[in-house]
1. Give the range 645-665 a look and list any residue that's of a type in the set (Val, Ile, Thr) and touching an Asp or Glu at 6+ places or on another chain (Cβ under 9 Å), or say none.
2. Being part of a loop (DSSP other than H, G, I, E, B) and touching a helix residue (DSSP H, G or I) at 6+ places or on another chain (Cβ under 7 Å) is the filter here, so list the residues in the range 550-568 that pass it.
3. With respect to residue 777, is the statement that it is closer than 30 Å to residue 80 by Cβ, in contact with a helix residue (DSSP H, G or I) (Cβ under 7 Å, 6 or more places away or on another chain), crowded, with 18+ Cβ neighbours inside 10 Å and not charged (D, E, K, R) true?
4. Give all pairs with beta carbons closer than 6 Å in which a residue from the range 37-52 that is under 18 Å from residue 78 (Cα atoms) meets a residue that is aromatic (Phe, Trp, Tyr) and buried (at least 18 other Cβ atoms within 10 Å of the Cβ); count only pairs at least 6 apart in sequence or on separate chains.
5. Give the residue that is surrounded by the fewest Cβ atoms within 10 Å (Cβ to Cβ), with candidates limited to residues of the range 696-727 that are within 23 Å of residue 633 (Cα to Cα) and either of a type in the set (Lys, Arg) or outside the structural domain of residue 665 (by TED's automatic domain parsing) (or both).
6. Would you check which residues across the range 461-498 are under 25 Å from residue 580 (Cα atoms) and either surrounded by fewer than 17 Cβ atoms within 10 Å (Cβ to Cβ) or of a type in the set (A, V, I, L, M) (or both) and list them?
7. Test residue 661 against the stated conditions and say whether it is assigned by TED's automatic domain parsing to the domain that holds residue 572 and farther than 19 Å from residue 575 by Cβ.
8. Which residue is farthest from residue 49 (Cα to Cα), if the candidates are limited to the range 478-505 and must be in contact (Cβ under 8 Å) with a residue 60 or more places away in the chain and of a type in the set (A, V, I, L, M, F, W, C)?
Amino acid sequence: MPLFIHVLHYIISHLLWAKVLIPCLEMHKEAEDDYARLSSLLQEFTSIPNIDKAWLFSSPGLHLQGMFAVSQSDLLTNTRRTSIMSCNILKERDSSVKFLWAPFPIEMSGVSMIVPSPSGSKLLVIRNPENEAACCFQIWSSSRMEKEFHIPQSLHGTVYNDGWFEGVSWNMNETCVAYIAEGPSPAKLTFNGLGGYKIDGCADKDSGYWKCQGDWEEDWGETYAGKRQPALFVIDINSGEVQEVKGIDKSLSIGQVVWAPFTEGSEQYLVFVGWSSKPRKLGIKYCSNRPCALYAVRLRALHHESKSNEPVLQSTEEFHVMNLTQTISSAFFPRFSPDGKFLVFLSARSAVDSGVHNATNSLHRIDWLTNGKPFQSSKIYDIIPVVMCAEDGCFPGLYCTTIHSHPWLSDNCTMIISSIWHSSEVLLSVNVLSGEIVHISPADPNFSWNLLTLDGNNIVAISSSPVDFAQIRYGKAIKKETNNTTWSWSNISSPIFRCTDKVRSLLSSLQSSILRISVKDAHDGQTKGATKPFEAIFVSSKTNSKIEFDPLIVILHGGPQDVSLSYFSKYLAFLSTVGYSLLIVNYRGSLGFGEEALQSLPGNVGSQDVNDVLSAIDHVINLGLASPSKITVMGISHGGFLTTQLIGQAPDKFVAAAAINPVCNLALMIGTTDIPDWCYVEACGTTARHCFTEPPSADDLTLLYNKSPISHVSKVKAPTLFLLGARDVRVPIYDGLQYARALKEKGVDVKIIMFQNDVHALKRPQSDMESFLNIGVWFNKYCKYGANESQDFLKT
């Protein structure tokens, strides 16, 4: 070969390497700078507190005192610190309201729950044990701690404070508290080195014995791993005596207990929710489709001691338990009216009967007799039925995640409820006698509202938008001459949500809107609700121009029977402030759009939801809001399923992806998940909801595989970041790992971050921080630094 050919080859090869290697080195430097820059900004967002609960108390002079439970992430300890912020609430003559805040919050270190008594004169503070320590109950008055009780593990384990089984209720006399806690640990054999044993004896190395494992106990799946059966207990706060309420079927897991109203001389009842574990326990977290009922137990064991004349609990009497809701498949969150005339509860019977994990709720009422005696055959009245398909602008159905513990206005029949309405959460007033529903929060879908507490007939709430911090709002009812009621809302200045000037300035440059997107694949066989437009929340810079677009992140919620709401998320706000537009898609099947739209998705996952997301992307491109060349996608759980479906079915549309605990292979997941019924319902439709009770057939496995993202893995081009929780029992890590390894084998750029001590939602502070930091850096790598060209060259 002539010399000049060698020289020419040498020059060209070095020029090519220079063209790629120098940018790669620069890209590596950019990535390092990204971690430093983005982590600093993300910590500013992470430090923003949340208000979890609020209480109001009467004080002398007709003033009110407020107490707000505030939580804040502590990255160093990987925990959330809880503190109490207090204030005085002054009502001026001009009807204005002022909140005078205490100068500093007070940290509630080690506190699991705080529950004021009905009069507000006492405060119960519960400290759950660590390891095998005793549970601590403290009773506080306005000036000091009155009593403290330590309840050993032999009586019960931790008190449930999970928002689902959770239930702590004072009786009206404020002498007893009913609550839900882990049942006592069963006795276990202990052995010594010579083969001898005894039952539940001392087991430590000094005594020469060790405790055996005992029988395996089935739990309620995700986040409940290792938790013992929830059971009902009553503590007498004068003596500290604790009794487990007997006579309840051991197959029932108990939760959400409340005291029934009673008059002097009448019998006292507790009302609670019971979930049966027959034939087996399935995952219950985020799953309202588990059958449940309201039960009442009569406490004939309450009497008065001769000395103190205070009621105490005896354990010698028998208890009688009755099912109050035998004619309905689901009943939870029981609430008694203040006058004791009726019991109101939510039902997820639509979810139970169809098998989807969440669906449209209904609201019901049982009349409670004045003598305080319930009947097993009490009539159940429908207050709010399931809405199948609402007309435009009309109430779309009830979608509640909870009901406030004291939701009543002074008329004893009107409740204030937070409910999902399309892509927003709103406040509703509901008359439980007439069924009248009124939307009382301002009708701006860009904001979401959540009830904090009530001040008589006034409301303390939180409102926020994707680009606006949470704000405390005070609502007052104004009656007009026509007997119609309107609500006036005022902003309450608060030190709780203060942030840095930098964060406030960045947020001020953003805007958000709700987009309505037409269905493209509608056909004659679909219900009316399934053909109605769905929605997406779009967040962008105010300076985003049609000449220079910010890269787009498509964000997909899990469930799929869940929804992304127009509230402030500090982690999504972080992504939008570092140069990305966000398209947050509520595809058909999301909560808040009526039951027909929701039920259109089971059996059609991987096609209908994929088409909806692609339609939403095309919609913003056609509006001139995004560039088709700079699109990324991310999602968790079913959102991760959609993410990996999209990069396989539309491989040229996305430049990068991030999947958080994604469902990638239903055929693999069905044998390891705590919700095998979900796999069948979503892949095959609601008629298959009972198929999980048998081992999957070869045909089942083939169908599940074909419905899964892994069936499209050979077409994927997008570099993908995987964020996995090692303790996830909802979508075990092998699902994501199998898919990630398949991508690696075909040369796709893959990064896996494993959170060893986290579960499905990845909500520990360090997990949140590290997840969104890596998502930001990962997307920057492929959207902003020209990494694709370098990657393509290096593959060759």
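1. Initially, the range 645-665 is screened for residues of a type in the set (Val, Ile, Thr), giving 647, 655, 660, 663.
Hit for the range 645-665 is 663, nothing else.
2. As a first pass, look at the range 550-568 and keep what is part of a loop (DSSP other than H, G, I, E, B): 550-551, 557-568.
Those that are part of a loop (DSSP other than H, G, I, E, B) and touching a helix residue (DSSP H, G or I) at 6+ places or on another chain (Cβ under 7 Å): 551, 557, 558, 559, 560, 561.
3. On the way: closer than 30 Å to residue 80 by Cβ: yes; in contact with a helix residue (DSSP H, G or I) (Cβ under 7 Å, 6 or more places away or on another chain): yes; crowded, with 18+ Cβ neighbours inside 10 Å: yes; not charged (D, E, K, R): yes.
Yes; evaluated as a whole, the condition is true for this residue.
4. Correct list of pairs: 42/574; 45/574.
5. 715
6. Within the range 461-498, the subset under 25 Å from residue 580 (Cα atoms) is 463-471, 497-498.
467, 470, 498 - these are the residues of the range 461-498 that are under 25 Å from residue 580 (Cα atoms) and either surrounded by fewer than 17 Cβ atoms within 10 Å (Cβ to Cβ) or of a type in the set (A, V, I, L, M) (or both).
7. Values: assigned by TED's automatic domain parsing to the domain that holds residue 572: yes; farther than 19 Å from residue 575 by Cβ: no.
So residue 661 does not fit the description; no.
8. Of everything passing the filter in the range 478-505, 492 is farthest from residue 49 (Cα to Cα).
The values are calculated or read from the model by the stated rules, or taken from the named source; none is laboratory data. Keep in mind that this is a model prediction, so the values were computed, not measured. Here Cβ is always computed from backbone atoms with ideal geometry, including for glycine, and neighbour counts include all displayed protein chains.
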